[in-house]
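Student: One structure is given below, represented as structure tokens, and several questions about it will come after.
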Amino acid sequence: MTTNLKEKFEKEIRPMLKKDLGIKNVNAVPTLEKVVVNIGLGRASQQASFVDKILPQIEKDLATIIGQKASRRGSKKSIAGFKTREGQVIGLAATLRGKRMYDLVDKINKSVFPRVRDFKGIDLKNIDKQGNLNIGLKEHVVFPEVSQDTSLVNFGLQITLVIKNSQKRDDAIALYRQLGFMFKK
């Protein structure tokens with residue numbers, strides 16, 4: 001019987017981290033709080049059929065990847081240099097918690113990274129001093145749910161893993177290693 005990553009974290013990873021990091025209280029062990037997925041629509045929003053064809057396709061593909069609908073993010077003010085108007089959709093964002101969060105992390109480790117061309121591991125510079133990990137993917141077609149043939153639009157996405165109870169950056173790195181992330185040497 002296969003266990004999902006959330007069950008594995010509760011039964012194996014959390015007690016191991018508690019022992020390795022020398023933490024007395026199990027609730028003080030670093031854990032994933034949420035995963036935030038962002039897409040900037042930038043140049044795609046300047047195309048003529050953006051609202052009718054491109055935006056619905058991007059929303060559909062993103063919902064297929066993450067398992068929930070993303071919210072639209074509008075421009076806060078008009079900027080002539082970027083050709084944006086106030087309220088114009090310039091991005092999509094979704095916050096995952098609980099089972100969906102762990103399922104996405106598991107999917108990234110087991111099926112997305114092996115499909116990324118020339119992947120040699122995540123750079124440790126992608127982890128900030130609070131312990132949050134930022135992953136940028138240039139193409140969304142590396143996810144197994146999305147077919148390169150049927151997807152009309154190509155877009156990149158940023159995935160941010162937010163940690164809670166991380167006193168040091170090294171604690172977060174230990175958590176990421178236990179979750180299965182591969183880092184550059």
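The values are calculated or read from the model by the stated rules, or taken from the named source; none is laboratory data. Keep in mind the model is a prediction, meaning the values are calculated, not measured. Reconstructed Cβ throughout: ideal geometry from the backbone, glycine too, with neighbour counts over all protein chains shown.
Student: If we keep just the residues of region 114-143 that are of a type in the set (S, T, N, Q) and in contact with a Leu (Cβ under 7 Å, 6 or more places away or on another chain), which is nearest to Lys185 (Cα to Cα)? If you could, list the steps in order and put the result at the bottom.
Tutor: Pass one, region 114-143, residues of a type in the set (S, T, N, Q): 126, 130, 132, 134.
Then drop every residue that is not in contact with a Leu (Cβ under 7 Å, 6 or more places away or on another chain), which leaves 126, 132.
Values: Asn126: 14, Asn132: 19 Å.
By that ranking, first place goes to Asn126.
Student: Considering every residue within region 12-25, establish whether at least one is in contact (Cβ under 8 Å) with a residue 12 or more places away in the chain and among the charged types (D, E, K, R).
Tutor: We begin by selecting, within region 12-25, every residue in contact (Cβ under 8 Å) with a residue 12 or more places away in the chain; these are 13-14, 16-17, 20-21.
Then keep just the ones that are among the charged types (D, E, K, R); that gives 14, 20.
Within region 12-25, one or more residues are in contact (Cβ under 8 Å) with a residue 12 or more places away in the chain and among the charged types (D, E, K, R).
Here's the yes/no breakdown for (1) at pLDDT below 85; (2) at negative phi; (3) surrounded by 14 or more Cβ atoms within 10 Å (Cβ to Cβ):
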site	(1), (2), (3)
Pro114	no, yes, no
Lys120	no, yes, no
Lys125	no, yes, no
Lys129	no, yes, no
Leu137	no, yes, yes
Phe143	no, yes, yes
Ser147	yes, yes, no
Ser151	yes, yes, yes
Gln158	no, yes, yes
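Student: Which one is farthest from the chain's Cα centre (by Cα) among residues in region 48-71 that are closer than 13 Å to Glu145 by Cβ and assigned to a helix (DSSP H, G or I)?
Tutor: Here the answer is Lys60.
Student: Can you pull out the residues in region 103-118 that are assigned to a loop (DSSP other than H, G, I, E, B) and free of Cβ contacts under 8 Å to residues at least 12 places away in the same chain?
Tutor: Residues of region 103-118 assigned to a loop (DSSP other than H, G, I, E, B): 116-118.
Matches in region 103-118: Arg117, Asp118.
Student: Return the residues of region 108-146 that are among the basic types (Lys, Arg) and either in contact with a Ser or Thr (Cβ under 7 Å, 6 or more places away or on another chain) or within 19 Å of Val35 (Cα to Cα) (or both); say none if nothing qualifies.
Tutor: Going through region 108-146, the residues among the basic types (Lys, Arg) turn out to be 110, 115, 117, 120, 125, 129, 138.
Matches in region 108-146: Lys110, Lys125, Lys129, Lys138.
Student: One residue is enough: does region 67-82 have a residue meeting the conditions β-branched (Val, Ile, Thr) and either within 17 Å of Ala174 (Cα to Cα) or in contact with a helix residue (DSSP H, G or I) (Cβ under 9 Å, 6 or more places away or on another chain) (or both)? It would help to see each step written out before you state the result.
Tutor: Here is the first cut: in region 67-82, the residues β-branched (Val, Ile, Thr) are 79.
If we keep only those that are either within 17 Å of Ala174 (Cα to Cα) or in contact with a helix residue (DSSP H, G or I) (Cβ under 9 Å, 6 or more places away or on another chain) (or both) as well, we get none.
For region 67-82, residues β-branched (Val, Ile, Thr) and either within 17 Å of Ala174 (Cα to Cα) or in contact with a helix residue (DSSP H, G or I) (Cβ under 9 Å, 6 or more places away or on another chain) (or both): absent.
Student: Here's another thing I want to ask about it. Please indicate, with yes or no, whether at least one residue in region 149-165 is among the aromatic types (Phe, Trp, Tyr) and not in a helix (DSSP H, G or I).
Tutor: Residues of region 149-165 among the aromatic types (Phe, Trp, Tyr): 155.
Remaining after also requiring not in a helix (DSSP H, G or I): 155.
Scanning region 149-165 turns up at least one residue that is among the aromatic types (Phe, Trp, Tyr) and not in a helix (DSSP H, G or I).
Student: Could I ask something else about it? Applying the selection to region 85-102, what residues are at pLDDT 90 or above and either among the acidic types (Asp, Glu) or not in a helix (DSSP H, G or I) (or both)?
Tutor: Across region 85-102, the qualifying residues are Leu92, Ala93, Ala94, Thr95, Leu96, Arg97.
Student: Scan region 82-90 and tell me whether some residue there is among the charged types (D, E, K, R), over 16 Å from Ile163 (Cβ atoms), surrounded by fewer than 16 Cβ atoms within 10 Å (Cβ to Cβ) and touching a Ser or Thr at 6+ places or on another chain (Cβ under 6 Å). Walk me through it before giving the result.
Tutor: So in region 82-90, the residues among the charged types (D, E, K, R) come out as 83, 85-86.
Then drop every residue that is not over 16 Å from Ile163 (Cβ atoms), which leaves 83, 85-86.
Filter once more, keeping what is surrounded by fewer than 16 Cβ atoms within 10 Å (Cβ to Cβ): 83, 85-86.
So of that shortlist, the ones also touching a Ser or Thr at 6+ places or on another chain (Cβ under 6 Å) come out as 85-86.
Yes: region 82-90 contains one or more residues that are among the charged types (D, E, K, R), over 16 Å from Ile163 (Cβ atoms), surrounded by fewer than 16 Cβ atoms within 10 Å (Cβ to Cβ) and touching a Ser or Thr at 6+ places or on another chain (Cβ under 6 Å).
Student: Taking the residues in region 41-63 that are surrounded by 14 or more Cβ atoms within 10 Å (Cβ to Cβ) and touching a residue at least 60 places away in the same chain (Cβ under 8 Å) as candidates, determine which candidate is nearest to Leu133 (Cα to Cα).
Tutor: Top of the filtered list is Leu62.
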